[in-house]
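So the structure is just underneath, and the comments pick up after that.
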Amino acid sequence: MNTKKTIVVVGATGAQGGGLVRAILNDPDHEFTVRAVTRDVSTDKAKELARLGAEVVTANVDDLESLKKAFQGAYGAFCVTFFWDHFSPEKENNQAKAMAEASKHAGIKHVIWSTLDDTRKLIPLSDDRMPTLMGKYKVPHFDAKGESNHFFSDLGLPVTMLNTVFYWDNFIYFGLGPKKGPDGKLAITMPMGDKKLPGIAAADIGKCALGIFKAGQKYIGKTIGIAGEHLTGKQMADGFARVLGKEVVFNDIAPEIYRSFGFPGAQDMGNMFQFKRDFEKEYCKSRDVELTRALNPSLLTFDKWLNQNKKLIPIE
Ligand SMILES: NC(=O)c1ccc[n+]([C@@H]2O[C@H](COP(=O)([O-])OP(=O)(O)OC[C@H]3O[C@@H](n4cnc5c(N)ncnc54)[C@H](OP(=O)(O)O)[C@@H]3O)[C@@H](O)[C@H]2O)c1
């Protein structure tokens, strides 16, 4: 009989959840088994997880009953929502609520809720340094997650609130990599001024989550913020230049220019960067690199991440 504790992982075919599934399967202590949640077990990504040794099950975060079934009998649950699939803070609230309820129903012993700050605690809606979006948010994809924390705590769940951070993988998959400017120079563009942006290799989030589960009671009831490094735009541009062997500059722009870029989510992202710029001290303080390394001793620095991923970074 299998007596190992099972961790059920939402978003298992994605960046955060996928990192956790692989971290559990690669854990030399083999402390946990892993149940990977997907909406479709027949995709290549889902099949790959099964091939690696995960139990792969179907559930949808919009369907509470499916979550209850998927969470049944598990020891731990990793819960994450998918803002960029739908751009709806209210949907994110409902999905978080459903995962909290499924965790309660299944008697989960340790829940990790992958969350972000409710920025309105530092920049209330009345503060016109940045526009209010969708009527009641400053940074919708942050605020909706922070606002949803209470679904987990209200139910008295044994929860760790995991404040995640900007993935460096955005330079590959989110269109944020170096682009040629009018002067022909490659540049990364972010309204960050000379302030530091905490970042992480997306796969390290899952490794940290495993560290949190392995620590048992230690982080239950706690809020943990993680980061691989805190770097200025210029430091990141210099890193790109080193690994690409080409000049790459940091293009600092005003947040209002970023908000006007017009791609879906540009206003949300513009406010997000401005929040991180204007509240650098508070934001960096809440993402402790040493704690992150203690949870995940193989934590990548930006340079190491760049060296491992340079071939994947799209360069015009
Ligand atoms: N990009 C960043 O820098 C960053 C930083 C911090 C936090 N975040 C947050 O991270 C979250 C996304 O996490 P991620 O990057 O790990 O996601 P991801 O890589 O986009 O993948 C998410 C996976 O979730 C599954 N999924 C989507 N909708 C689902 C649903 N309704 N029910 C069940 N599963 C569903 C999909 O798997 P199947 O197709 O197999 O079902 C997908 O592979 C977002 O909310 C974002 O705000 C992003």
Exercise. Between N170 and K5, what is the FRET efficiency for a Förster distance of 35 Å, r being their Cβ-Cβ separation, to the nearest 0.05?
Worked result: 0.60
Exercise. Among D169, D238, D118, which one shows the biggest mean-square fluctuation in a GNM of the chain, springs joining Cα atoms closer than 10 Å?
Worked result: D238
Exercise. Could you give the nm distance between label points at N93 and I313, where each point is 7 Å from its Cα heading toward the beta carbon?
Worked result: 3.9
Seminar exercise, completed: Honestly the stretch 36-76 on the Cα gyration tensor test (a ≥ b ≥ c root eigenvalues; a/c under 1.5 rounded, otherwise a/b vs b/c for prolate or oblate) is just oblate
Seminar exercise, completed: Taking the stretch 1-124, the whole-percent share of alpha-carbon pairs separated by over 17 angstrom is 56
Seminar exercise, completed: Taking a label point 7 Å from the Cα of T43 along Cα-to-Cβ, the residues of the stretch 155-181 whose backbone nitrogen sits under 17 Å from it are 173-174
Seminar exercise, completed: Taking 0.36 nm per residue of separation between Q235 and K121 and subtracting their Cα-Cα distance, the length gained on full extension comes to 38.1 nm
Seminar exercise, completed: Cα-based Rg then Dmax for the stretch 144-235, in Å, read 17.2, 56
Exercise. Convex hull volume of the Cα atoms in the stretch 178-286, per residue, in Å³?
Worked result: 128
Problem set entry | Distance in nm between pseudo-label sites at E247 and L155 (7 Å out along the Cβ direction from Cα) | 5.6
For this session: Please give the calculated 222 nm ellipticity per residue for the chain, where each DSSP H segment of at least 4 residues contributes -39500 (n - 2.57) and the sum is spread over every residue; nearest 500 deg cm²/dmol?
Result: -12500 deg cm²/dmol
Problem set entry | Within straight-line cross-link reach of K222, lysines at Cα separation under 21 Å, skipping those fewer than 8 residues along the same chain | K97, K104, K109, K121, K145, K207, K214, K281, K285
Seminar exercise, completed: Among L197, L157, L133, the residue with the largest mean-square fluctuation in a Gaussian network model of the chain built from Cα contacts under 10 Å is L133
For this session: Please get the size of the charge dipole for the stretch 140-282, origin at its Cα centre, with Cβ charges of +1 on Lys and Arg and -1 on Asp and Glu, quoted in debye to the nearest 20.
Result: 420
Exercise. With springs only between Cα atoms under 10 Å, which of I253, I226, I188 fluctuates most in a Gaussian network model of the chain?
Worked result: I253
Exercise. Over all distinct Cα pairs, what is the inverse of the mean 1/r for the chain, reported as the Kirkwood hydrodynamic radius in Å?
Worked result: 20.1
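Read-outs throughout are calculated quantities, based only on the coordinates presented, and are distinct from any laboratory measurement. Since the model is a prediction, treat every value here as computed from it, not as a measurement. When we count neighbours, we look across all protein chains shown, and the Cβ atoms used for this are built from the backbone with ideal geometry, even at glycine.
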